[in-house]
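The values are calculated or read from the model by the stated rules, or taken from the named source; none is laboratory data. Quick caveat: nothing in here was measured; it's all calculated off a predicted structure. All Cβ positions, even for glycine, are placed from backbone atoms using ideal geometry, and neighbour counts span all protein chains on display. Calculation scope for accessible area: heavy atoms of the full protein, side chains included, ligands and nucleic acids excluded. Shrake-Rupley method; radii C 1.70, N 1.55, O 1.52, S 1.80 Å.
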Amino acid sequence: MRYDEGCLAAHALNLVGDRWALLVVRELMFAPKRFQMIRAGLPGVTASVLTGRLAQLAQAGVVDHDERSSIYALTDAGRGLLPVLEALCQWALMVPGHDPARFISPSALMISMGVNLVPDLAEGRRARAGFDFGGEAFEMQLDKGRLRTNPVSEPDAPFLLKGSGNTMAVAVYGSTPLPMLAAKGVVGVEGDVAAAAEFVSLFRLDRGK
């Protein structure tokens with residue numbers, strides 16, 4: 001233990017406070033994955049450090065490891081960390097230094113979109129969106145202001161956005177209209193382009209704009 005305290009926050013940090021630990025949880029938040037797929041979402045981590053973090057999280061009861069299939073998955077306790085990740089995203093919006101040009105994993109973008117949906121714009125709306133990142137794909141369901149994200153093998157939605165985490169973030173949060181980004185090849189858009197443009201307009205990093 002790093003913190004010999006009775007504080008609940010200290011107890012939580014003893015379990016998930018090591019570097020990379022919460023980001024490993026982030027990468028497993030939507031679906032179980034094998035080691036290399038987790039690592040693909042964390043390009044700055046070494047194999048040995050990731051192995052250590054996964055072992056620590058398993059010991060803490062946050063991650064399950066099926067040795068037969070070599071798949072890692074979050075436990076109920078691990079999935080319970082989603083509000084923690086969302087709160088960290090919200091807090092990060094209030095402090096300087098965020099660089100969106102750095103690597104953004106698909107899971108990171110999906111979590112951030114849940115945080116940055118503008119309630120006033122989303123109220124009463126219903127929509128279904130598909131996202132294809134190459135190695136991962138998701139569907140988002142917006143229903144009366146609530147957003148639900150699910151991993152899928154092939155999205156089935158009125159429109160599909162295709163790209164990397166970073167290019168998709170440009171489409172969602174940037175100021176350039178989605179049709180123009182598609183025309184320039186920054187992102188791919190299939191299906192109802194107008195509906196896709198309307199959907200991404202519901203998300204903002206800077207709520208003051």
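Of everything in the stretch 33-78, what is among the hydroxyl-bearing types (Ser, Thr, Tyr) and over 18 Å from Pro151 (Cα atoms)? Give them in sequence order.
Matches in the stretch 33-78: Thr46, Ser48, Thr51, Ser69, Ser70.
What residue, among those in the stretch 114-135 that are outside any strand (DSSP E or B) and in contact with a Phe, Trp or Tyr (Cβ under 8 Å, 6 or more places away or on another chain), is surrounded by the most Cβ atoms within 10 Å (Cβ to Cβ)? Walk me through it before giving the result.
Within the stretch 114-135, the subset outside any strand (DSSP E or B) is 114-116, 118-125, 133-135.
Filter once more, so that each one left must be in contact with a Phe, Trp or Tyr (Cβ under 8 Å, 6 or more places away or on another chain): 116, 118.
Working: Asn116: 18, Val118: 13.
Checking each candidate, the answer is Asn116.
If Phe30 satisfies all but one of (1) assigned to a loop (DSSP other than H, G, I, E, B); (2) closer than 24 Å to Ser112 by Cβ; (3) more than 18 Å from the chain's Cα centre (by Cα), what's the number of the condition it fails?
Single failed check for Phe30: (3).
So which of Asn150, Asn166 ends up being closer than 27 Å to Pro83 by Cβ, open to solvent by 20 Å² or more (accessible area, probe 1.4 Å) and assigned to a helix (DSSP H, G or I)?
Asn166
Give the stretch 182-203 a look and list any residue that's under 25 Å from Pro119 (Cα atoms) and part of a helix (DSSP H, G or I), or say none.
Of everything in the stretch 182-203, those that are under 25 Å from Pro119 (Cα atoms) and part of a helix (DSSP H, G or I) turn out to be Val193, Ala194, Ala195, Ala196, Ala197, Glu198, Phe199, Val200.
Does the stretch 54-108 hold any residues that are β-branched (Val, Ile, Thr) and closer than 20 Å to Gly41 by Cα, and which are they?
Across the stretch 54-108, the qualifying residues are Val62, Val63, Ile71, Thr75, Val84, Ile104.
Please name all residue pairs, on different chains or six or more residues apart, with Cβ atoms under 7 Å, provided the first residue is in the stretch 104-117 and is more than 17 Å from Gly163 (Cα to Cα) and the second residue is assigned to a strand (DSSP E or B).
Gly114/Leu147; Gly114/Thr149; Asn116/Phe203; Leu117/Leu147; Leu117/Phe203
Look through the stretch 38-57, keep the residues that are within 19 Å of Leu82 (Cβ to Cβ) and in contact (Cβ under 8 Å) with a residue 60 or more places away in the chain, and return whichever of them is surrounded by the most Cβ atoms within 10 Å (Cβ to Cβ).
Going through the qualifying residues, I end up with Gly41.
Within the stretch 75-98, is there a residue that is without any contact (Cβ under 8 Å) to a residue 60 or more places away in the chain, touching an Asp or Glu at 6+ places or on another chain (Cβ under 9 Å) and not in a strand (DSSP E or B)?
Within the stretch 75-98, one or more residues are without any contact (Cβ under 8 Å) to a residue 60 or more places away in the chain, touching an Asp or Glu at 6+ places or on another chain (Cβ under 9 Å) and not in a strand (DSSP E or B).
In this structure, is Leu161 open to solvent by 30 Å² or more (accessible area, probe 1.4 Å) and not in a loop (DSSP other than H, G, I, E, B)?
On the way: open to solvent by 30 Å² or more (accessible area, probe 1.4 Å): no; not in a loop (DSSP other than H, G, I, E, B): yes.
Considered against the rule, which asks whether it is open to solvent by 30 Å² or more (accessible area, probe 1.4 Å) and not in a loop (DSSP other than H, G, I, E, B), Leu161 comes out as no.
Any idea which of Arg68, Arg34, Arg79 is modelled with pLDDT under 95 and open to solvent by 50 Å² or more (accessible area, probe 1.4 Å)?
Arg68
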